[in-house]
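Novice: Dumping the structure here so I can ask a few things about it.
The values are calculated or read from the model by the stated rules, or taken from the named source; none is laboratory data. If you're wondering where the values come from, they're calculated on a predicted model, not measured in any experiment. So basically every Cβ, Gly included, is an ideal-geometry build from the backbone, and we count neighbours across all protein chains shown. SASA here: full protein model, heavy atoms, side chains in, ligands and nucleic acids out. Shrake-Rupley method; radii C 1.70, N 1.55, O 1.52, S 1.80 Å.
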Amino acid sequence: MRLKIEKLSAKIMDNKALLSQSRANIEQNRLLVFSNYTAAMSGNQQLAAHNMEEILAARKTILDLFDFEDEDQENYVEAAKAASDLDFLSHIANLNRKNLALNEQMIELNQRMNEINREIMLINQEMLEFNEENLSSNSEFMSGTLNPMLMDRETVDELTAENEKSLLALQSLVDENRQTVVDLLQKSKDNRTVALNNSVEISDRKKNLYRNRDEISDMRKRIGTEVTMADLVYGDFEE
């Protein structure tokens, strides 16, 4: 029995080590995912919104500076202003809808985290009760009803039979835990690959957003530059 318990103990301790590694991987992935969230939400999304506002402000300036030569041009400019406003407002409204959906998902995520925390609290309580129970048993072994001096052959046989049953049940649980933790380690590995790919994509998008800002800066320098019909017909005008 001691040899069987020793072998089982080795498996359980190995599972515990793998479980600790799995938890560490999960926490590392969680921090990476949250970092991606911050970079995408507080970084790229805010930069993209700022660029959008500057582009539309520049368009308003361009249209305001236009000198009308006839009523058709004036009406066209007014219609173009209205179209720009509607395009901007439509884009914002659609973004609002998508961000509302994201907020709903994040609320659900927080609710799920609360449920997970509750399960952790229950595990804490289970561990506390187990410790208190076995602390009491220690006292009973020393000076109570579990003291070996009070035991007889029948009690020993019953305890031995219970140990055999417990050993069989525990072996099945240990094997099941091993398969589960191996699966979790693979899932964490897959999640990390996704998170790292997302991080690269977020960084690439940030570069494009900064390039976008350079283009905005160049465009704003050209605002107010006189343009002739020849420039429009034959190609780009020069400042």
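Novice: What percent does the relative contact order of the chain come to when contacts are Cα pairs within less than 8 Å and at least six residues apart?
Specialist: Details: 67 pairs, mean separation 126.7, N = 239.
Relative CO of the chain lands at 53 percent.
Novice: In addition: Net charge within 14 Å of Gln28 by Cβ-Cβ distance, Lys/Arg positive one each and Asp/Glu negative one each, not counting Gln28 itself?
Specialist: +3
Novice: For n ≥ 4 DSSP H runs only, could you compute -39500 (n - 2.57) per run for the chain, divide by its residues and tell me the 222 nm figure to the nearest 500? It would help to have the intermediate numbers written out before the result.
Specialist: On the way: 5 runs with 205 residues, N = 239.
That comes out to -32000 deg cm²/dmol.
Novice: Using θ = phi - 60° and the Karplus form 6.51 cos²θ - 1.76 cosθ + 1.60, what ³J(HN,Hα) does each residue of region 120-126 get, whole Hz, x for Gly and Pro?
Specialist: 5, 4, 5, 5, 4, 5, 4
Novice: Still on this structure: Report the calculated FRET efficiency for Lys98 and Leu170 (r = Cβ-Cβ distance, R0 = 45 Å), to the nearest 0.05.
Specialist: On the way: r = 50 Å, r/R0 = 1.12.
Plugging the Cβ-Cβ distance into 1/(1 + (r/R0)^6) gives 0.35.
Novice: Next question. Taking the Cβ-Cβ separation of Met13 and Gln186 as r and a Förster radius of 22 Å, what is the calculated FRET efficiency to the nearest 0.05? Spell out each step's value before the answer.
Specialist: Working: r = 21 Å, r/R0 = 0.97.
Given R0 = 22 Å and the Cβ-Cβ separation, E is 0.55.
Novice: Express the C-alpha Rg of region 1-85 as a ratio against the empirical globular expectation 2.2 N^0.38 Å, rounded to two decimals. If you can, show how the numbers build up before the last one.
Specialist: Values: Rg = 31.5 Å, N = 85, 2.2 N^0.38 = 11.9 Å.
Rg over 2.2 N^0.38 Å, computed on Cα atoms: 2.65.
Novice: Rolling a 1.4 Å sphere over the protein heavy atoms, what is the accessible area per residue of the chain, to the nearest Å²? Kindly include the intermediate steps, with their values, before the conclusion.
Specialist: On the way: 19140 Å² over 239 residues.
Heavy-atom accessible area per residue stands at 80 Å².
Novice: Another one. Each residue of region 213-224 in turn: what ³J(HN,Hα) in whole Hz from Karplus with 6.51, -1.76, 1.60 and θ = phi - 60°, glycine and Pro shown as x?
Specialist: 5, 4, 5, 5, 4, 5, 5, 5, 5, 8, 4, x
Novice: Continuing with this model, one more query. So if we plug the beta-carbon distance of Asn117 and Leu56 into 1/(1 + (r/R0)^6) with R0 = 30 Å, what FRET efficiency do we get, rounded to 0.05? It would help to have the intermediate numbers written out before the result.
Specialist: On the way: r = 44 Å, r/R0 = 1.47.
E(calc), rounded to 0.05, equals 0.10.
Novice: Asp157: accessible area at probe 1.4 Å, nearest 10 Å²?
Specialist: The value for Asp157 is about 70 Å².
Novice: Convert 10 °C to kelvin, take the viscosity as 1.306 mPa s, use the Kirkwood radius over C-alpha pairs of region 122-188 as Rh, and evaluate the Stokes-Einstein diffusion coefficient in µm²/s, rounded to a whole number.
Specialist: Details: Rh = 15.1 Å.
This corresponds to a translational diffusion coefficient of 105 µm²/s.
Novice: For Ser42, project a label point 7 Å along Cα to C-beta. Then give me every residue of region 60-103 with its amide nitrogen under 18 Å of that point.
Specialist: What the label zone holds, given the 18 Å backbone N cut-off, is 103.
Novice: Here is a follow-up. Once fully extended, how much extra length lies between Ser143 and Arg222, figured as 0.36 nm per residue of separation less the alpha-carbon to alpha-carbon distance? Don't skip to the end; give the middle numbers.
Specialist: Working: separation 79, 0.36 × 79 = 28.44 nm, distance 9.40 nm.
That pair, Ser143 and Arg222, stretches by 19.0 nm at full extension.
Novice: In whole angstrom, note down how far apart the Cα centers of region 71-111 and region 126-182 are.
Specialist: 66
Novice: Taking amide H positions as placed 1.01 Å from N in the peptide plane, with prolines and chain starts having none, which residues 5 or more places from Leu146, or on another chain, fall under 5 Å of its amide H?
Specialist: Residues meeting the amide H criterion: Phe141.
Novice: Hey, rough spin-label estimate for Ile26 and Leu65, points 7 angstrom out along Cα→Cβ, what's it come to in nanometres?
Specialist: With each label point 7 Å from Cα toward Cβ, the separation is 5.9 nm.
Novice: Looking at the chain, I'd like the Rg to Rh ratio, where Rg is from alpha-carbon atoms and Rh is Kirkwood's inverse mean 1/r.
Specialist: 1.34
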